[in-house]
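Novice: Here it is: the structure, laid out below.
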Amino acid sequence: MTWECYTTIIDQLCTINYNGRVALMLSNEPLLEERLEKMITYAKNKSQRLFLDITTNGRLLTLEKLDHLFDLGLDNININDYRGDRDAFPDKWSSYLVPIYEAYNNNPKVCFQKRRLDEILPNYAGNIPQSFDKSRFGFCNYPFRKLTIAFNGDVLLCCDDFMYDTCFGNVMESSLIDCWNHPAMNDVRFSLLKDKRTGLCERCNDFQNYKAY
């Protein structure tokens with residue numbers, strides 16, 4: 001993502017007085033982003049109301065690095081520890097995460113997850129071939145509760161649109177509000193409210209079925 005695109009997103013969020021979560025990643029490892037510290041600093045200087053969040057596998061993380069990210073204004077980090085020996089050592093942490101766990105295991109700003117290398121994940125809107133019964137999948141809350149933005153500024157249907165097959169406007173050309181209220185996006189939402197998956201959703205077996213009325 002260009003710096004201009006990133007700052008445009010943050011600036012627009014502040015203009016509409018947004019005070020929710022801003023996840024600084026999509027289908028990437030955020031600690032590989034050389035501008036991550038600059039991105040956190042820019043967002044927090046614009047508004048302390050933005051809740052900045054990242055999810056990482058932790059391989060590039062150190063205790064000193066995490067302390068520094070929190071000093072800059074990061075609000076939350078989710079650390080997924082993927083291991084191939086979970087059956088043999090279900091409670092084991094990878095060595096590089098041990099000092100971080102010892103320092104932060106009771107801190108709500110850090111979420112540690114023991115993961116497996118052989119997990120069966122959702123099919124990312126059909127991009128990972130899997131057999132599933134479409135009749136079991138109706139409503140999904142993703143398009144109702146988060147706005148997903150690709151590296152080029154395109155607004156996607158959700159984070160499961162792994163190949164960027166959808167587009168509901170571009171933040172460099174349209175406002176975030178207009179993208180959120182895009183007629184085609186609302187068509188998808190109305191369909192999901194009827195427990196019907198169409199288009200990209202029809203190919204997806206992710207299950208986010210909580211409805212809040």
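Novice: For region 105-120, check the following and say yes or no: at least one residue is hydrophobic (A, V, I, L, M, F, W, C), more than 18 Å from Thr55 (Cα to Cα) and modelled with pLDDT under 95. It would help to see each step written out before you state the result.
Specialist: From region 105-120, those hydrophobic (A, V, I, L, M, F, W, C) are 110-112, 117, 120; that's our starting set.
Subsequent filtering for residues that are more than 18 Å from Thr55 (Cα to Cα) retains 120.
With modelled with pLDDT under 95 added as a condition, the list becomes 120.
Within region 105-120 (the criterion being hydrophobic (A, V, I, L, M, F, W, C), more than 18 Å from Thr55 (Cα to Cα) and modelled with pLDDT under 95), the answer is yes, since at least one residue qualifies.
Novice: Can you pull out every residue in region 1-32 that is among the acidic types (Asp, Glu) and open to solvent by less than 60 Å² (accessible area, probe 1.4 Å)? Please lay out each step first, then the result.
Specialist: Keep residues of region 1-32 that are among the acidic types (Asp, Glu), which gives 4, 11, 29.
Across region 1-32, the qualifying residues are Asp11, Glu29.
Novice: Then there is this: Evaluate the following for Thr41: is it open to solvent by less than 40 Å² (accessible area, probe 1.4 Å), of a type in the set (Val, Ile, Thr) and more than 18 Å from the chain's Cα centre (by Cα)? Write out each step before concluding.
Specialist: Working: open to solvent by less than 40 Å² (accessible area, probe 1.4 Å): no; of a type in the set (Val, Ile, Thr): yes; more than 18 Å from the chain's Cα centre (by Cα): yes.
Here the answer is no, as Thr41 does not meet what is asked.
Novice: Can you name every residue in region 49-101 that is assigned to a loop (DSSP other than H, G, I, E, B) and either within 20 Å of the chain's Cα centre (by Cα) or of a type in the set (Phe, Trp, Tyr) (or both)? Before you say what the answer is, go through the steps one by one.
Specialist: Filtering region 49-101 down to residues assigned to a loop (DSSP other than H, G, I, E, B) leaves 49-50, 57-62, 73-75, 84-94.
Listed by number, the residues that qualify are Arg49, Leu50, Asn57, Gly58, Arg59, Leu60, Leu61, Gly73, Leu74, Asp75, Phe89, Trp93.
Novice: Sticking with this structure for a sec: Against the conditions (1) in a loop (DSSP other than H, G, I, E, B); (2) among the charged types (D, E, K, R); (3) open to solvent by 20 Å² or more (accessible area, probe 1.4 Å), where does Asp206 fall short? Just the number, please.
Specialist: Failing condition for Asp206: (3).
Novice: Here is a follow-up. Would you tally the residues in region 26-52 being among the hydrophobic types (A, V, I, L, M, F, W, C) and at pLDDT below 95? Steps first, please.
Specialist: Of all residues in region 26-52, those among the hydrophobic types (A, V, I, L, M, F, W, C) come to 26, 31-32, 36, 39-40, 43, 50-52.
Narrowing further to those that are at pLDDT below 95: 26.
Summing the residues that are among the hydrophobic types (A, V, I, L, M, F, W, C) and at pLDDT below 95 in region 26-52 gives 1.
Novice: Read through the list (1) surrounded by fewer than 17 Cβ atoms within 10 Å (Cβ to Cβ); (2) part of a loop (DSSP other than H, G, I, E, B); (3) in contact (Cβ under 8 Å) with a residue 60 or more places away in the chain, then give the number of the only condition that Asp195 fails.
Specialist: Answer for Asp195: the failing condition is (3).
Novice: Counting just the residues of region 102-150 that are open to solvent by less than 60 Å² (accessible area, probe 1.4 Å) and in a strand (DSSP E or B), which one comes out nearest to Cys5 (Cα to Cα)?
Specialist: Ile149
Novice: Here's another thing I want to ask about it. Out of Asp81, Asp11, report the one residue that is under 28 Å from Ser175 (Cβ atoms) and either free of Cβ contacts under 8 Å to residues at least 40 places away in the same chain or not aliphatic (A, V, I, L, M) (or both).
Specialist: Details: Asp81 fails: under 28 Å from Ser175 (Cβ atoms).
Criteria check complete, one pass: Asp11.
Novice: List the residue pairs whose Cβ atoms are under 6 Å apart, where the first residue sits in region 116-131 and is at positive phi, the second is at pLDDT 90 or above and surrounded by 10 or more Cβ atoms within 10 Å (Cβ to Cβ), and the two are 6 or more positions apart or on different chains.
Specialist: Going by the 6 Å Cβ cut-off, the qualifying pairs are Tyr124/Asp160; Ala125/Asp160; Ala125/Asp161; Ala125/Leu200; Ala125/Arg203; Ala125/Cys204; Gly126/Arg203.
Residue-by-condition table, conditions (1) at negative phi; (2) surrounded by 15 or more Cβ atoms within 10 Å (Cβ to Cβ); (3) not in a helix (DSSP H, G or I):
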{"site": "Thr166", "(1), (2), (3)": "yes, yes, yes"}
{"site": "Met172", "(1), (2), (3)": "yes, no, yes"}
{"site": "Cys179", "(1), (2), (3)": "yes, yes, no"}
{"site": "Val188", "(1), (2), (3)": "yes, yes, no"}
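Novice: Moving on. Being open to solvent by 60 Å² or more (accessible area, probe 1.4 Å) and more than 25 Å from Lys38 (Cα to Cα) is the filter here; which residues of region 73-98 pass it? Even if it seems obvious, please write down each step before you answer.
Specialist: Initially, region 73-98 is screened for residues open to solvent by 60 Å² or more (accessible area, probe 1.4 Å), giving 82, 84, 87-92, 95-96.
Within region 73-98, Tyr82, Gly84, Asp87, Ala88, Phe89, Pro90, Asp91, Lys92, Ser95 qualify.
The values are calculated or read from the model by the stated rules, or taken from the named source; none is laboratory data. If you're wondering where the values come from, they're calculated on a predicted model, not measured in any experiment. No Cβ is skipped: glycine too gets one built from the backbone with ideal geometry, and neighbour counts run over all protein chains shown. To get the accessible areas, we keep the full protein, side chains included, count just its heavy atoms, and leave off ligands, DNA and RNA. Shrake-Rupley method; radii C 1.70, N 1.55, O 1.52, S 1.80 Å.
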